[in-house]
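One structure is given here, and the rest of the page talks about it.
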Amino acid sequence: MLIKRSTAIKPSEITSEANFLNRRSFLHTASLAGSGLLLGSGCTQADTPADPPFEGRLMGENTTGLELNSLSDIMSYNNFYEFGLSKGDPAKYAGAFKPRPWTVEIAGEAEVTGTFDYGDIVGPHPIQERIYRFRCVEAWSMVIPWNGIPLRDLLRRFKPTSRARYVAFETVYRPSEMPGQRSRVLDFPYLEALTIEEAMHPLTLLVTGLYGIDLPNQNGAPLRLIVPWKYGFKSIKSIVRISFTATMPPTTWSLAGPSEYGFYANVNPEVDHPRWSQARERVIGSGLFSKKQPTLMFNGYAEQVAGLYQGLDLTRNF
Ligand code: MTE
């Protein structure tokens, strides 16, 4: 698969939007190579409501030191290639997607496997709120109040065996409801994976909602992952399959561009993307001239997660 390097733009000049366009041109190249084209869609528009007064309902502590993004930022500026490549496409085209009924298959190296209803997956666990920084590999960021359950509480119920070294995740494949899946911009279904230690880390969240509402379709309804110290592409949306594996599973972005998107994808301001700097990030919602701020190691969660990577060369294992 061809990966084009942009020589026209210096990393220092690249805004997030330019980053996106770069990434998009990479996808375009990839899609042309596969002779696919993005299709239009007759889907209805998903609602992007005005911001209700949520402050009083927040339960989680905001330890980020940053302002929360508004609900409309979070619902209107999305990456969800199953609905198209533009940031506005998921809000525009995800209205016809049906997040209920929903089942999740649990497979692989575990004592308990099978297919479980959404209620069986989430029901036994109290929903928590976690306010996390969110950093996309395209060098933009948000702060989002997620609702969900620690992934490890769920995974333990299936009793992974000692052979389980990784956890793989798969997004639903429904081209009839997801117009982007009818193109060949990526190999769908979207796949992601974590090491078992990452999956069992207390910060890793299986998300059911945000701002106290059910997860909007464009944000990955009804169940998605959030791994706050990793680039956003690890946080896979609309999960239908979770499997425990003995070997490192394939992941969509590392298959699409292995030199650009690694398996670990830990936020790291010292390791640039081959086509842009990762030292700073554009703060979504900070106005017309977008504020930029320094990117933090492990997206600000180094104290909690650096121990997972002791002895690992983070430049090679990017
Ligand atoms: N999951 C699926 N299935 N498809 C995607 O295209 N995009 C990823 C991630 N999860 C993506 C996905 C990327 S690149 C990012 S930055 C985040 O979702 C964006 O999440 P948000 O739209 O809720 O901000």
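The values are calculated or read from the model by the stated rules, or taken from the named source; none is laboratory data. Keep in mind it's a predicted model, so treat the numbers as computed, not measured. Reconstructed Cβ throughout: ideal geometry from the backbone, glycine too, with neighbour counts over all protein chains shown. What goes into the accessible areas is simple: the full protein's heavy atoms, side chains included, and nothing from ligands, DNA or RNA. Shrake-Rupley method; radii C 1.70, N 1.55, O 1.52, S 1.80 Å.
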Quick one: Thr252 ticks every box in (1) more than 10 Å from the ligand (Cβ to nearest atom); (2) of a type in the set (S, T, N, Q); (3) touching a strand residue (DSSP E or B) at 6+ places or on another chain (Cβ under 7 Å) bar one, so which box is it? (1)
Please go through the range 140-196 and pick out each residue that is within 11 Å of the ligand (Cβ to nearest atom) and part of a loop (DSSP other than H, G, I, E, B). Val172, Tyr173, Met178, Val185, Leu186, Phe188, Pro189, Tyr190
Is at least one residue of the range 213-232 more than 13 Å from the ligand (Cβ to nearest atom), farther than 25 Å from His273 by Cα and part of a strand (DSSP E or B)? yes
Check on Gly95, open to solvent by less than 50 Å² (accessible area, probe 1.4 Å), in a helix (DSSP H, G or I) and within 16 Å of the ligand (Cβ to nearest atom): yes
Keeping to the range 187-224, report how many residues are farther than 16 Å from Asp153 by Cβ and either at pLDDT below 95 or open to solvent by 30 Å² or more (accessible area, probe 1.4 Å) (or both). 7
Within the bounds of the range 124-147, is there any residue that is open to solvent by 10 Å² or more (accessible area, probe 1.4 Å), free of Cβ contacts under 8 Å to residues at least 24 places away in the same chain and of a type in the set (Asp, Glu)? no
In the range 69-85, how many residues are crowded, with 16+ Cβ neighbours inside 10 Å and either outside any helix (DSSP H, G or I) or polar (S, T, N, Q) (or both)? 9
Could you tell me how many of the residues in the range 107-121 are buried (at least 20 other Cβ atoms within 10 Å of the Cβ) and closer than 24 Å to Phe233 by Cβ? 2
Count - residues of the range 271-318 that are open to solvent by 60 Å² or more (accessible area, probe 1.4 Å) and of a type in the set (S, T, N, Q): 3
Would you mind finding the one in Gly285, Gly257 that is within 15 Å of the ligand (Cβ to nearest atom) and in contact with a Ser or Thr (Cβ under 7 Å, 6 or more places away or on another chain)? Gly285
Mind checking whether some residue in the range 114-137 is within 26 Å of Tyr261 (Cβ to Cβ), at pLDDT below 95 and more than 11 Å from the ligand (Cβ to nearest atom)? no
Give the residues of the range 238-262 that are in a loop (DSSP other than H, G, I, E, B) and either farther than 29 Å from Phe97 by Cα or open to solvent by 20 Å² or more (accessible area, probe 1.4 Å) (or both), sorted by residue number. Ala246, Thr247, Met248, Pro250, Pro258, Ser259, Glu260, Gly262
Scan (1) surrounded by 18 or more Cβ atoms within 10 Å (Cβ to Cβ); (2) within 13 Å of the ligand (Cβ to nearest atom); (3) without any contact (Cβ under 8 Å) to a residue 24 or more places away in the chain for the single condition Gly88 breaks and write down its number. (1)
